[in-house]
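In what follows, a single structure is set out as structure tokens and then discussed.
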Ligand code: ADP
């Protein structure tokens, strides 16, 4: 394209910006636009309210010019790095796929947590000539989440400690350490011990939720091989599958690397395996993984009670449990799948379910495979 044409196109863009300005000024979310050099060319009133910077302070400056100083939730700088969402979307020409939380600097030096979405501004000829960022103040929302997580973690901890003691004493009495126990007494004590186990499982779910909410935004991807992680889930959950007589198998490939957080990925797989065992009375549970194109596919299949298609979406809602005579007998809180869904989304993946009542269920997670660094050991 000749230089003159470029000026005409960019001139048209800028005059359009002027006519949009009035509309954007009245929007409650912060909206700012940059040109292709990331110089701010539009800054609405909500941006001023959230950050304290007026248009006069900021128009014409580069968004990375020591003003907003975006850092991620762990405090790592984002400006002028390949993790800056706006810079990335302007390089790739692709809008950010989901909103992200960052800390921005206010004019008075304090920090505000904002949830932002970004998109490139693209001309008809496909050229990126600017970027747009929309953000809102999420400080109170995140503070509330932190308070909720702290509260959950404190009460689960405070309830678990005495529960462990109660169960310990019940076991001692049942074992005859406090004198002889007749059959009726032993039955009553065993029921009390089972209720301790039920309560323990509920507290485990709540503490999982607390752990997830407390660390949801401190996500730093590492290279994770899924195979040992799945093997660990198999070893640990064999102890739950064995007493039910379930055939618990694995079909695992060579190393399968994804970029993510190993603890959270384990938490997701463990929730699916635990459900498969809980909701299967006889038959099998199979944990498998394989590469498929640029994705890693983890699947957890069972021969259990199954799920009807109209429940597929609802089961991922927090605290939702299918209400039937079988699930009522199984301890649960309706928290597990909502956490799994969030963990998978954090990894840029998807989760799906195929099932029919009475015919078992298959939960399938797909997560993008990692780009392996050149010094990664070769597959055996
Ligand atoms: P919980 O198991 O604690 O109730 P989840 O969020 O893990 O909570 O699951 C939500 C609901 O989805 C469960 O209550 C159950 O009704 C259904 N569900 C989950 N996994 C399975 C499965 N493998 N087979 C049948 N139903 C399942």
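Throughout, read-outs are computed from the coordinates displayed, never taken from laboratory work. Owing to the predicted nature of the structure, the values given are computational and were not obtained by experimental measurement. Counting neighbours? That spans all protein chains shown, and the Cβs are built from the backbone with ideal geometry, glycine included.
Which whole-number percent gives the relative contact order of region 223-380, counting Cα pairs below 8 Å spaced six or more residues apart?
Values: 297 pairs, mean separation 39.9, N = 158.
In percent, rounded to a whole number, it is 25.
Output the peptides 271-278, 207-214 sorted from most to least packed, where packing is the average of other Cβ atoms within 10 Å over each peptide's residues. Intermediate values should be presented prior to the final figure.
On the way: 271-278: 23.1, 207-214: 18.6.
Highest mean packing first, the order is 271-278, 207-214.
Fully extended, how many nm does the chain gain between residue 310 and residue 345 (0.36 nm per residue separation, minus their Cα-Cα distance)? Walk me through the numbers on the way to the answer.
Details: separation 35, 0.36 × 35 = 12.60 nm, distance 2.21 nm.
Between residue 310 and residue 345, full extension yields 10.4 nm more.
Once the Cα gyration tensor of region 222-342 is found, what semi-axes does its equivalent ellipsoid get, as square roots of 5 times the eigenvalues, in whole Å, sorted largest first?
So the three semi-axes of region 222-342 are 24, 18, 13 Å.
What is the angle, in °, between the Cα long axis of helix 183-215 and the longest principal axis of the Cα atoms in the chain? Nearest 10 is fine, range 0 to 90.
For 183-215 against the chain, the angle is about 10 degrees.
How many nm is it between the label spots at residue 169 and residue 154, if each spot is 7 Å from the Cα in line with the beta carbon?
For the pair residue 169/residue 154, the computed spacing is 2.6 nm.
Rounded to the nearest 10 degrees, what's the angle between the helix 262-278 long axis and the longest principal axis of the chain, both from Cα atoms, 0 to 90?
40
How far is helix 3-25 tilted, in degrees, relative to the longest principal axis of the Cα atoms in the chain, given as a value from 0 to 90 rounded to the nearest 10?
Between the helix axis and the principal axis of the chain, the angle is about 60 degrees.
According to a simple spin-label model (label point 7 Å from Cα along Cα-to-Cβ), what is the distance in nm between residue 319 and residue 290?
4.0
Per the Debye formula with a single identical scatterer at each Cα and no solvent contribution, what log10 I(q)/I(0) holds for region 57-163 at q = 0.15, 0.20, 0.21, 0.23 Å⁻¹?
-0.72, -1.06, -1.13, -1.27
Using only the alpha carbon atoms of region 145-229, find the Kirkwood hydrodynamic radius as the inverse mean reciprocal pair distance, in angstroms to one decimal.
For region 145-229, the Kirkwood estimate is 15.6 Å.
Counting helices only, and only those DSSP H runs with n ≥ 4, report the 222 nm mean residue ellipticity of the chain as the sum of -39,500 (n - 2.57) divided by its residues, in deg cm²/dmol to the nearest 500. Before the final figure, lay out each step's value.
On the way: 10 runs with 160 residues, N = 380.
Here the helix-only value at 222 nm equals -14000 deg cm²/dmol.
What spacing in nm lies between the two simple spin-label points modelled at residue 232 and residue 65, each 7 Å away from Cα in the Cβ direction?
Between residue 232 and residue 65, the simple spin-label model gives 4.8 nm.
Efficiency by 1/(1 + (r/R0)^6): what FRET value for residue 192 and residue 49, r their Cβ-Cβ distance, R0 = 51 Å, to the nearest 0.05?
Working: r = 58 Å, r/R0 = 1.13.
Between residue 192 and residue 49 the formula returns 0.35.
Just to verify a number: FRET efficiency for residue 356 and residue 28, C-beta to C-beta distance, R0 = 51 Å, to 0.05? List each step's numbers first, then the result.
On the way: r = 46 Å, r/R0 = 0.89.
The value I calculate is 0.65.
Using a Förster distance of 45 angstrom, determine the FRET efficiency expected from the C-beta separation of residue 223 and residue 183, and round it to 0.05. Write down the numbers at each step before the final one.
Values: r = 56 Å, r/R0 = 1.25.
So, using R0 = 45 Å, E works out to roughly 0.20.
How fast does the chain diffuse by Stokes-Einstein, in µm²/s, taking the Kirkwood radius from C-alpha pairs at 4 °C and 1.567 mPa s? Display every interim value, and only then the final one.
Details: Rh = 24.5 Å.
Answer, rounded: 53 µm²/s.
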